[in-house]
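For reference, the structure discussed in these notes is given below.
No value in this document is a laboratory result; all are computed from the given coordinates. Predicted model, so just to flag it, every value in this text is computed and none were measured. Heads up, the Cβs are rebuilt from the backbone with ideal geometry, glycines too, and the neighbour counts pull from every protein chain shown.
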Amino acid sequence: MFHRYQINTAKGILDTILNVQPKEGGGGGGETRESVVYRLADDMLEKLPKEYNSFEVKEALQRMGALLPMNIFLRQEIDRIQRVIKVVHSTLCDLKLAIDGTIVMSQGLRASLDAMYDARIPECWLKVSWESATLGFWYTELLERDAQFRHWVTNGRPNVFWMTGFFNPQGFLTAMRQEVTRAHKGWALDSVVLQNLITRHNKEDLTDSPPEGVYVHGLFLEGASLDRRTGKLLESKPKVLYEQMPVIYIYAINTTAGKDPRLYECPIYRKPQRTDQKYVGSIDFETENNPRHWTLRGVALLCDIK
């Protein structure tokens, strides 16, 4: 299910973390909890992205147009990933010092040490970041989110966006709506609505960005299957819980007409637990059935299935 690049970026980290699962009974080669976490901290520090240079980020944003809605959005996202990188760096360095006996092992550090030993995410990291099933998945996501932002700042806007990798995916869609509105004289944001097209493409197939709007990848369909030829919804395949979506083209149009009642308005959630806080927006699907059929099936798109 994972993308090839996801597997490669963090294979080493995952290996280390899988070796750190809670140990049954004593024995276990005689390695202490502290020495296991010390080694893990070393490994994570080695792979941790560098902090962003705020001067370089500012220059890059000015080059791309600092006041354009998408670039304002990017700046806010970089501020947030920077905070995560700083907190992770300081926890890992302090843990090493505390294990060495150079500084006092505070309650907070002890809690982080225990969490890491059990492959859980330290509380102080969760506060500034995102939920994930295990420390390994969480750290992989940190590396991938960071890679998308760095690529954007260095090489300009990506052709295809990994929407799952944003702290504020709603803000991303709003910025795109604002951008399209500004590009058309006489359009008002209030009457500009999102539209979408389910493409047949995978991320690798697209070498250009669309003239307007965005391509997004990395969403999963739950409760139904997709006819890749027509982009319409079909019944789920047996034993398949989630199906990876092809690239979706999201754009905006100026209209006062309501939604087409023949389309199924499919909610997007960040995680499988569907709560209001995890709601991102919606995507329209064409369907042979009455859209209510899919509502009753609870069909949704998920940014993350872990």
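Points worth noting:
- Long-range HN-HN contacts of PHE161 with modeled amide H, under 5 Å: TYR215, VAL216, HIS217
- Listed values (1) -0.67, -0.86; (2) -0.54, -0.89; (3) -0.45, -0.83, entry calculated as log10 I(q)/I(0) by the Debye sum over Cα atoms at q = 0.09, 0.12 Å⁻¹: (2)
- Percent of beta bridges antiparallel (DSSP, the chain, rounded to nearest 5): 80
- With θ taken as phi - 60° and the Karplus curve 6.51 cos²θ - 1.76 cosθ + 1.60 applied, the whole-hertz 3J(HN,Hα) list for the stretch 200-215 is 9, 8, 8, 3, 5, 6, 9, 9, 9, 8, x, x, 8, x, 9, 9 Hz, x standing for glycine and proline.
- Measuring between their Cα centroids, the stretch 117-148 and the stretch 204-223 lie 25 Å from each other.
- Efficiency of FRET between GLN195 and LEU234 - r from beta-carbon atoms, R0 25 angstrom, step 0.05: 0.70
- Using alpha-carbon coordinates, inclination of helix 33-47 to the longest axis of the chain, degrees: 50
- Note on ASP208 and ALA133: their simple-model spin labels are 4.0 nm apart, each label 7 Å out from Cα toward Cβ.
- Relative to the longest principal axis of the Cα atoms of the chain, helix 135-155 runs at roughly 60 degrees.
- Reducing the stretch 253-306 and the stretch 24-93 to their Cα centroids gives an inter-centroid distance of 33 Å.
- Value of [θ]222 nm, deg cm²/dmol, for the chain, DSSP H segments ≥ 4, -39500 (n - 2.57) each, nearest 500: -14000 deg cm²/dmol
- Using θ = phi - 60° and Karplus 6.51 cos²θ - 1.76 cosθ + 1.60, couplings along the stretch 181-192 (whole Hz; Gly, Pro as x): 4, 5, 6, 10, 4, x, 7, 10, 3, 4, 9, 9
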